[in-house]
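The values are calculated or read from the model by the stated rules, or taken from the named source; none is laboratory data. The shown structure was predicted, so the numbers you read here are calculated from the model rather than taken from an experiment. Positions of Cβ are generated from backbone atoms using ideal geometry, with glycine treated the same way; all protein chains shown enter the neighbour counts. Surface areas here come from the heavy atoms of the whole protein model, side chains and all, with no ligands, DNA or RNA. Shrake-Rupley method; radii C 1.70, N 1.55, O 1.52, S 1.80 Å.
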Amino acid sequence: MSGRTVIYNARVIDPATGRDETGGVLIENGVIADVGAGIAKTTAGDVKIDARGKALAPGLIDLRVKTGEPGSENKETLATAGDAAAAGGVTTFVVMPDTNPVIDSVALVDFITRRAESVAKVKVLPTAGLTVGLEGLKMAEIGLIREAGAAFFTNGDKPVEDAGVLRRAMSYAASFDALVASRPDTPALSMNTVMNAGAFAARLGLRGAPLEAEWIALERDLMLAETTGVRLLADCISTARSLAAVERARKAGVKVSCSVASYSLFFNELDVGDYLTYCKVQPPFRGEADRMALIDGLKRGAIDAVVSAHDPQPTEDKRLPIADAAYGAVGLETLLPALLSIALREEIPLAVALKPVTSGPADLLGLPQGRLAKGAPADLVLFDHAAPWACDRDDLSSRSKNSPFDGRRLEGRVLRTWVNGATVFERG
Amino acid sequence: MADYAFPHRHLLGIEGLNRLDIETLLELGDRYVELNRRRVKHADVLAGRTLVNLFFENSTRTQGSFEIAGRRLGADVVTMPIATSSVKKGETLIDTAMTLNAMRPDLLVIRHGSSGAVKLLSRKVDCGVINAGDGTHEHPTQALLDALTIRRRVGDIGGMRIAICGDILHSRVARSNVACLNVLGAEVRLIAPRTLTPPGAAEWGAEVFTDMRKGLAGCDVVMMLRLQQERMDGAYLPSAREYFHFWGLDEDKLSHANPGAFVMHPGPMNRGVEIESGIADHKTRSLITEQVEMGVAIRMAVLETLAKNAPDIGAKNQ
């Protein structure tokens with residue numbers, strides 16, 4: 001990408017600095033050469049793009065995406081996930097290790113990296129299993145895999161149940177200052193559940209996952225993070241009490257950050273409604289009080305990352321009685337619209353709402369992108385922050401269409417996406 | 001120093017020894033090195049005394065070293081065959097001790113897999129007891145032979161920067177060495193992955209590192225520890241190859257230590273796991289075979305010293 005591209009007449013939003021002003025971005029050789037109110041139509045450049053007053057922000061960084069590659073390419077490939085990401089303004093995403101085979105070795109991390117470089121439109125970072133085969137028994141080669149480029153280590157959706165194994169794996173990871181992500185869950189309490197436990201689940205006659213399933217595991221993880229000194233990402237927390245626990249631990253000096261799935265901010269348990277299998281996810285949609293507490297956390301900047309928790313499932317695994325249906329929802333294309341809708345409805349400044357999808361995750365992983373800074377990669381998204389639209393799953397780029405947003409009205413739509421200064425998506 | 005009366009009846013650990021105690025043993029060890037290099041290696045200081053080796057854990061070099069040391073000093077050396085003995089038939093540790101005590105040995109050399117077991121036995125017998133390694137607690141004669149090896153190379157251990165690397169958590173050698181080198185005024189560093197770093201190691205009087213290259217910077221001596229096979233199966237470490245990559249001593253990592261830094265290992269070595277063969281066999285830098293030689297000398301020094309302090313056997317029972 002040689003030459004100078006000028007994007008002008010934009011509402012420039014940079015969560016890293018809190019910047020929200022009219023101006024533009026100057027791109028040179030795929031890198032941001034300048035940014036701010038000084039960039040205008042008159043700025044010298046080879047290509048000039050009039051943003052027409054729309055919002056221009058760093059491309060999104062999504063810390064939790066599953067594809068089906070390798071092993072279940074019928075669900076999603078790195079290429080189709082890349083298309084979905086580009087259409088959703090996501091310019092970097094992190095893939096989870098729970099594939100077939102499990103990403104738990106140097107060779108497989110290398111495979112994902114190379115494969116994504118050749119087929120995906122956006123940047124893809126692999127993670128690796130914290131334990132071999134995600135079996136929760138033996139730690140993976142954390143040091144060598146980290147050198148091979150794994151963003152962090154996680155057991156995905158299979159929590160490490162043996163506290164001794166987890167403690168030693170965390171302690172060992174701390175030798176390298178590696179980041180360990182753990183989605184807090186207690187299988188003994190959440191196994192075979194369909195939705196949030198409570199009065200509504202009872203009325204529907206469905207097995208519910210109690211809040212304690214998350215609390216117990218999270219408290220354990222926080223204690224082990226405190227004693228081992230590991231950097232912990234509490235992955236996809238979904239309750240008010242979980243957020244409070246993370247904040248309390250952080251205040252006490254524990255190196256803990258947290259992520260929240262965008263659907264946990266958008267939906268509550270009532271949205272499961274008429275046994276909608278697209279709304280069967282882990283962690284489940286919680287009660288309204290929990291949802292509001294997470295939104296409050298978003299306003300306060302207490303949430304480090306908002307993730308799509310993209311988990312494609314084909315029709316044959318979803319068009320089943322809800323108890324038999326697979327968990328998971330696609331989310332790459334709705335991550336930004338969901339956040340923008342919440343920001344609009346809850347009156348959250350865009351520079352605040354977008355921090356956990358830009359500089360927040362970038363800082364966790366030590367990435368140069370996720371900010372509109374001179375010298376940063378020109379990974380950008382242009383969007384109409386309040387444009388109303390209705391989500392139709394058939395319009396999604398993902399190979400699987402299992403979106404809980406299907407049929408819902410959203411405010412905010414992606415217009416154009418750039419990766420290293422090159423356009424990877426433009427709405428026709 | 002020659003007149004100094006070593007004040008202990010047993011040698012259960014380095015813990016509790018002062019600088020004079022240690023230096024007395026080293027001086028004597030030095031003299032026995034010279035004796036051992038003669039054609040006729042014999043002294044009669046332990047003539048008529050009985051030394052019993054009691055090894056509850058398999059050992060080749062330490063057991064052999066004590067046997068040779070005892071024989072060179074003229075003692076009657078008996079090595080109890082534990083593997084086929086009454087211990088296997090369910091006799092308790094204390095009963096074994098009482099039985100042996102009745103045979104009136106002068107010195108008892110004991111190795112046992114449980115930390116504290118040697119101390120327990122020492123309370124039940126009348127003779128002098130030497131700890132040849134108890135669990136993950138202490139191995140004092142190893143620390144003394146290491147100190148003798150270093151001292152003969154560098155003169156004064158005081159002010160030397162010495163790194164101990166590897167499985168500190170499970171190492172009795174490391175515990176004894178940290179104590180010994182600290183008393184002798186060295187600057188001790190511990191280098192290990194966090195899973196093999198004991199809790200509170202920072203309070204042992206040593207600086208703790210996880211990054212081996214940083215830890216080795218400016219070191220005069222690098223002491224490697226043996227990594228037990230069972231530690232590499234994914235519980236404490238993911239694999240032998242990852243361990244070698246980050247904590248195995250190779251040319252590159254050793255280049256961060258001082259030029260000409262010495263390399264030591266208590267043996268037996270896992271070549272290619274904790275140490276590269278080229279370094280283990282290095283003509284000028286590796287002191288590994290020298291350590292074995294010093295082992296016999298220091299054990300002679302320990303045996304002679306403790307034999308002097310052993311009470312008249314049986315006095316208590318008469």
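Structure summary
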read-out: All positions within the range B:176-188 that are of a type in the set (A, V, I, L, M) and assigned to a helix (DSSP H, G or I); value: B:Val178, B:Ala179, B:Leu181, B:Val183
read-out: Lone qualifier among B:Arg71, B:Arg39 - being open to solvent by 50 Å² or more (accessible area, probe 1.4 Å) and assigned to a loop (DSSP other than H, G, I, E, B); value: B:Arg39
read-out: Matching residues, the range A:309-338, being assigned to a helix (DSSP H, G or I) and surrounded by fewer than 24 Cβ atoms within 10 Å (Cβ to Cβ); value: A:Thr315, A:Glu316, A:Asp317, A:Lys318
read-out: Residue that is farthest from the other protein chains (Cβ to nearest Cβ), among those in the range B:258-271 that are within 22 Å of B:Ser176 (Cβ to Cβ) and either among the hydrophobic types (A, V, I, L, M, F, W, C) or touching an Asp or Glu at 6+ places or on another chain (Cβ under 6 Å) (or both); value: B:Phe262
read-out: Residue within the range B:137-158 that is within 25 Å of B:Glu290 (Cα to Cα), surrounded by fewer than 23 Cβ atoms within 10 Å (Cβ to Cβ) and among the small types (Gly, Ala, Ser) present; value: yes
read-out: Members of the range B:107-125 that are of a type outside the set (Ser, Thr, Tyr), open to solvent by 20 Å² or more (accessible area, probe 1.4 Å), in a loop (DSSP other than H, G, I, E, B) and in contact (Cβ under 8 Å) with a residue 12 or more places away in the chain; value: B:Gly113, B:Gly116, B:Lys124
read-out: Lone qualifier among B:Ser255, B:Ser239, B:Ser277 - being within 14 Å of another protein chain (Cβ to nearest Cβ), surrounded by fewer than 21 Cβ atoms within 10 Å (Cβ to Cβ) and without any contact (Cβ under 8 Å) to a residue 12 or more places away in the chain; value: B:Ser239
read-out: So B:Gly205, is it surrounded by fewer than 19 Cβ atoms within 10 Å (Cβ to Cβ) and small (Gly, Ala, Ser); value: yes
read-out: Condition check for B:Leu196: among the aliphatic types (A, V, I, L, M), away from every other protein chain (no Cβ under 14 Å), more than 19 Å from the chain's Cα centre (by Cα) and buried (at least 23 other Cβ atoms within 10 Å of the Cβ); value: no
read-out: Leading residue by the ranking (nearest to A:Val424 (Cα to Cα)) among those in the range A:94-111 that are out of contact with any Asp or Glu (no Cβ under 8 Å at 6 or more places or on another chain) and outside any loop (DSSP other than H, G, I, E, B); value: A:Val95
read-out: Scope the range B:160-180; condition more than 19 Å from B:Met212 (Cβ to Cβ) and in contact with a strand residue (DSSP E or B) (Cβ under 7 Å, 6 or more places away or on another chain); matching residues; value: B:Arg172, B:Arg175, B:Ser176
read-out: Flag for A:Gly38 being at positive phi and either in contact with a Gly (Cβ under 6 Å, 6 or more places away or on another chain) or touching a residue at least 12 places away in the same chain (Cβ under 8 Å) (or both); value: no
read-out: Of all residues in the range A:234-276 being aromatic (Phe, Trp, Tyr) and outside any helix (DSSP H, G or I), the one that is farthest from the chain's Cα centre (by Cα); value: A:Tyr275
read-out: Residues of the range B:226-236 satisfying the condition of being within 14 Å of chain A (Cβ to nearest Cβ) and surrounded by fewer than 18 Cβ atoms within 10 Å (Cβ to Cβ); value: B:Glu230, B:Asp233, B:Ala235
read-out: Qualifying residue in the range A:386-393 (condition: within 29 Å of A:Thr127 (Cα to Cα), out of contact with any Lys or Arg (no Cβ under 6 Å at 6 or more places or on another chain) and not in a helix (DSSP H, G or I)); value: no
read-out: Out of B:Val222, B:Val173, sole residue that is of a type in the set (A, V, I, L, M), away from chain A (no Cβ under 12 Å) and assigned to a strand (DSSP E or B); value: B:Val222
read-out: Residue in the range B:55-64 that is modelled with pLDDT under 95, within 18 Å of B:Gly295 (Cβ to Cβ), among the charged types (D, E, K, R) and open to solvent by less than 80 Å² (accessible area, probe 1.4 Å) present; value: yes
read-out: Residue satisfying condition, being at pLDDT 95 or above and of a type in the set (Asp, Glu), within set B:Glu230, B:Glu251; value: B:Glu251
read-out: Subset of the range A:176-221 (residues that are within 14 Å of chain B (Cβ to nearest Cβ) and surrounded by 24 or more Cβ atoms within 10 Å (Cβ to Cβ)); value: A:Val180
read-out: Verdict on A:Glu117 being free of Cβ contacts under 8 Å to residues at least 40 places away in the same chain, of a type in the set (Asp, Glu) and assigned to a helix (DSSP H, G or I); value: yes
read-out: Unmet requirement for B:Ala5, which otherwise passes all of (1) closer than 15 Å to B:Glu304 by Cβ; (2) in contact with a Lys or Arg (Cβ under 9 Å, 6 or more places away or on another chain); (3) surrounded by 14 or more Cβ atoms within 10 Å (Cβ to Cβ); value: (3)
read-out: Within the range A:144-158, considering residues that are surrounded by fewer than 22 Cβ atoms within 10 Å (Cβ to Cβ) and of a type outside the set (Lys, Arg), the one farthest from the other protein chains (Cβ to nearest Cβ); value: A:Asp157
read-out: Some residue of the range A:203-213 being under 30 Å from A:Met170 (Cβ atoms), without any contact (Cβ under 8 Å) to a residue 60 or more places away in the chain and not in a helix (DSSP H, G or I); value: yes
read-out: All positions within the range A:124-143 that are more than 9 Å from chain B (Cβ to nearest Cβ) and hydrophobic (A, V, I, L, M, F, W, C); value: A:Val124, A:Leu125, A:Ala128, A:Leu130, A:Leu134
read-out: The range A:1-43: number of residues that are open to solvent by less than 40 Å² (accessible area, probe 1.4 Å) and not in a strand (DSSP E or B); value: 6
read-out: Considering residues of the range A:296-306 that are closer than 16 Å to A:Ala338 by Cβ and over 16 Å from the mean Cα position of the chain (by Cα) only, the residue least open to solvent (accessible area, probe 1.4 Å); value: A:Gly297
